[in-house]
Amino acid sequence: AETETSPAAGGEKKITVYSGRSEELVKPLIDKFSQESGITVETRYGNTAAMASQLLEEGDRSPADVFFAQDAGALGAVAKKGMFAPLPDDVAGQVPQVYKASGNEWVGVTARSRVLVYNPDLVPASDLPASVFDLTRPEWKGKVGVAPTNASFQAFVTAIRVQHGEEKAKEFLTGLAANEPQIREGNGPILEEVDSGKIAAGLINHYYLGELAKERGISPDQLKAKLYFFPDGDTGALVNVAGVGVLRKAAENPDARAFVTYLLSQDAQKYFAEQTYEYPVIAGVDPPSYVPPLAELKVPDVDLNDLDELEATIALIKESGLVP
């Protein structure tokens, strides 16, 4: 049967995207896709977790064709409920296995690494911790910026639960809370305060450094703040993805598939590397200039498909006292 979005039906080519990624980051790219493909994209923007909840609530009645999420946990939650149609091999095959769902229900389109950002005036390189778990030690008291309500921090805590179990996660959070961390709303404020010397170090995602440098009209290496990638597969070096899934009802919709294909094109991948400073996930596109290549990072052995248990993580974080 012909759908009204297929060109043969003579109807308007149009898809609805639920985006957990912010408008300022992705709208230029979505507009470019529309211009080049002639497909109108109706985008609804919101917080990734809220968008995932909305999809789960709407179920088959959802107007969404595609979910563009900021992290694997939200994609996993929607996939778990059987709401995504598996993507064809020629699309999903471009993305390394570690950055997509085991059954191709969703694919990562960009990757981001958790890092410790530090101010070398306050933390000499020789004092950098071997593991993120060391941040609960007395020498870090009052020195570490964290954003416990931020989705990327929550995904990292979920990774601790997955990799080391509930007890270890609880112990880490309680220890961190007792160590008088500098609690901030998000990654951005942490980076700015580390850069200005108000905080010694902080847990953020790697791409904020590129964003701050761009805002100031300088290159990332001109910032005082430096990035430290935790070594040896430490959980502190979690690499998460922003990614997309196509809803079941749009499984046969060529326009929805065209959108996913476009996000994995050289063009779009270059846009992410150069404009949002994220890691491209396909071969042949250079990463942002100030970070090591993705393949060189020693990432923890965590299956991104397992990061979908967000509620238990949020409860743990609250229990620890990090969030009032």
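A few remarks follow.
- For the stretch 58-192, the Kirkwood estimate of the hydrodynamic radius, built from every pair of different alpha carbons, is 17.5 Å.
- Using the Karplus relation 6.51 cos²θ - 1.76 cosθ + 1.60 with θ = phi - 60°, the per-residue 3J(HN,Hα) values for the stretch 50-60 come to 5, 5, 5, 4, 4, 4, 5, 5, 6, x, 5 Hz, with x marking Gly and Pro.
- Over all pairs of different C-alpha atoms, the stretch 166-212 has a mean inverse distance whose reciprocal, the Kirkwood radius, equals 11.9 Å.
- Within the accessible area of the chain (1.4 Å probe), percent carbon and sulfur: 48
- Farthest toward the positive end of the dipole of the chain, out of Ser219, Gly103, Ala256, is the Cα of Ser219, where the dipole comes from beta carbon charges about the Cα centre.
- The charge dipole of the chain, taken about its Cα centre with unit charges on the Cβ atoms of Lys, Arg (+1), Asp and Glu (-1) only, comes to about 360 debye.
- Multiplying the residue separation of Glu139 and Asp232 by 0.36 nm and subtracting their alpha-carbon distance yields 31.3 nm.
- Each residue of the stretch 275-285 is assigned a 3J(HN,Hα), and the resulting list reads 9, 10, 6, 8, 7, x, 9, 9, 5, x, 10 Hz, derived from the Karplus form 6.51 cos²θ - 1.76 cosθ + 1.60 (θ = phi - 60°), x at Gly and Pro.
- Shape call, the stretch 226-308: gyration tensor on alpha carbons, a/c limit 1.5: oblate
- Estimated FRET transfer efficiency when R0 is 30 angstrom, pair Lys318-Lys214 (beta carbons, to 0.05): 0.30
- The simple Förster model, with R0 at 22 Å and r as the Cβ-Cβ distance, assigns Glu23 and Ile183 a FRET efficiency of 0.25.
- Rounded Å value of the spacing that divides the Cα centres of the stretch 23-41 and the stretch 229-254: 21
- Within the chain, the longest run free of exposed loop sites, counting GluC sites (Glu not before Pro) that sit outside DSSP helix and strand states (H, G, I, E, B) and have at most 15 other Cβ atoms within 10 Å, spans 13-184.
- Antiparallel bridges, percent of DSSP beta bridges restricted to the chain (to nearest 5): 65
- If R0 equals 35 Å, the separation of the Cβ atoms of Ser37 and Glu296 corresponds to a calculated FRET efficiency of about 0.50.
- Long-range tail of P(r) for the stretch 183-324 (Cα pairs > 23 Å, %): 50
- In this simple spin-label approximation, Arg61 and His164 carry label points 7 Å from Cα along the Cα→Cβ vector, and these lie 4.4 nm apart.
- Accessible area (Å², per residue) of the chain, counting only protein heavy atoms and a probe of 1.4 Å: 43
- Model label points for Ser196 and Gln97, set 7 angstrom from Cα along the Cα-to-Cβ axis, are 4.7 nm apart.
- Full extension of the segment from Gln266 to Glu12, taken as 0.36 nm per residue of separation minus the current Cα-Cα distance, would add 88.7 nm.
The values are calculated or read from the model by the stated rules, or taken from the named source; none is laboratory data. The structure presented is a predicted model; accordingly, all values stated were derived computationally and were not measured. No Cβ is skipped: glycine too gets one built from the backbone with ideal geometry, and neighbour counts run over all protein chains shown. These accessible areas exclude ligands, DNA and RNA; they are computed on the full protein's heavy atoms, side chains included. Shrake-Rupley method; radii C 1.70, N 1.55, O 1.52, S 1.80 Å.
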